[in-house]
Amino acid sequence: MTDKIITAALLIIGNEILSGRTTDANLSYLGSELNKIGIRMKHTRIIADDEQSIIDNLNELRPRFDYVFTTGGIGPTHDDITCEAVAKAFALPFGPNRDAIQMLSEHYHKNDLTAARMRMANTPNGAILLDNPVSRAPGFQVENVFVLPGVPVIMQAIFEGFRHRLKGGEEMLSTTLTCDLPEGRLAESLALIQNRYADVEIGSYPYIRLGKMGVSVVLRHTDQTCVDLVAGDVRQAIVDLKGNIF
């Protein structure tokens with residue numbers, strides 16, 4: 001563990017996400033699980049299955065963040081181009097990985113080990129394989145970039161296998177206060193509180209339930225004492241405005 005703030009970015013790759021045919025579930029999982037080990041998800045992008053876009057975005061993100069995760073585009077079909085694009089981003093040779101071939105050979109019957117499936121054994125030269133206990137086709141790591149599949153259950157299984165290797169800082173703690181005040185009524189008070197506690201994240205999230213407006217206030221900091229202190233001020237502000245806290 002370190003006092004340094006450890007950051008991460010996520011590059012979600014897939015035309016099916018952009019078209020709305022598939023709903024991404026990986027951001028919420030990775031954001032939550034990374035926070036538990038003290039890594040803060042600070043940035044995410046959704047991009048198409050386009051080689052140059054993958055290369056450009058990856059090369060922009062990897063110097064800016066401690067970790068970069070990609071999801072999607074590492075399967076057996078023609079539009080699964082992420083792996084080769086990652087190799088090009090790092091200017092590395094790309095081709096069959098002996099250990100990945102062994103993994104696939106042990107998993108599939110010889111007659112089922114098609115040329116398309118063998119594409120999943122191609123990685124950048126020197127990549128560190130990430131074990132896939134579900135379908136055996138591995139993800140991989142190159143420097144601070146972790147390349148993962150888009151299928152949530154497989155992505156999560158692979159992540160659980162290497163999460164212990166990630167170096168984190170302090171976990172971001174949070175408290176949520178939900179009240180029946182409209183966001184606009186509480187906004188000025190929250191701004192004043194935020195000015196007093198600049199290092200505590202204060203998020204305001206309005207909602208409508210049964211035709212009535214309200215707001216949930218989320219407070220985040222690595223020190224629970226700070227969170228509790230600010231929560232006390234927010235509670236008092238809500239009470240002063242004649243609001244009810246749920």
Handout entry: Residues located in the range 76-112, provided they are surrounded by 20 or more Cβ atoms within 10 Å (Cβ to Cβ) and in contact (Cβ under 8 Å) with a residue 60 or more places away in the chain
Key = Thr82, Cys83, Val86
Completion exercise
For the range 66-103, the count of residues that are within 25 Å of Thr22 (Cβ to Cβ) and of a type outside the set (Gly, Ala, Ser) equals 16
Exercise for the section: Please work out which residue is surrounded by the fewest Cβ atoms within 10 Å (Cβ to Cβ), limiting yourself to the range 139-151 and to residues that are touching a residue at least 40 places away in the same chain (Cβ under 8 Å) and part of a loop (DSSP other than H, G, I, E, B). Expected result: Glu143
Exercise for the section: Name every residue in the range 121-159 that is closer than 16 Å to Val68 by Cα and either out of contact with any strand residue (DSSP E or B) (no Cβ under 8 Å at 6 or more places or on another chain) or among the small types (Gly, Ala, Ser) (or both), in order of residue number. Expected result: Ala127, Gly139, Glu143, Gly150, Gln156
Exercise for the section: State yes or no: is Ile154 without any contact (Cβ under 8 Å) to a residue 60 or more places away in the chain, in contact with a Gly (Cβ under 6 Å, 6 or more places away or on another chain) and buried (at least 18 other Cβ atoms within 10 Å of the Cβ)? Expected result: no
Handout entry: Scan of the range 47-79 for residues that are of a type in the set (D, E, K, R) and modelled with pLDDT of 95 or more, ordered by number
Key = Asp49, Asp50, Glu51, Asp56, Glu60, Arg62, Arg64, Asp66
Exercise for the section: Among residues belonging to the range 158-169 that are at pLDDT 95 or above and crowded, with 19+ Cβ neighbours inside 10 Å, point out the one that is farthest from the chain's Cα centre (by Cα). Expected result: Ile158
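Residues are listed down the side, and each one gets a yes or a no for (1) under 19 Å from Ala87 (Cα atoms); (2) among the hydroxyl-bearing types (Ser, Thr, Tyr); (3) in contact (Cβ under 8 Å) with a residue 12 or more places away in the chain:
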position	(1), (2), (3)
Leu11	yes, no, yes
Asn15	no, no, yes
Asn26	no, no, yes
Leu30	no, no, yes
Ile37	no, no, yes
Ser53	yes, yes, no
Asn59	yes, no, yes
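The values are calculated or read from the model by the stated rules, or taken from the named source; none is laboratory data. Predicted model, so just to flag it, every value in this text is computed and none were measured. Note that we place each Cβ from the backbone using ideal geometry, even for glycine, and neighbour counts take in every protein chain shown.
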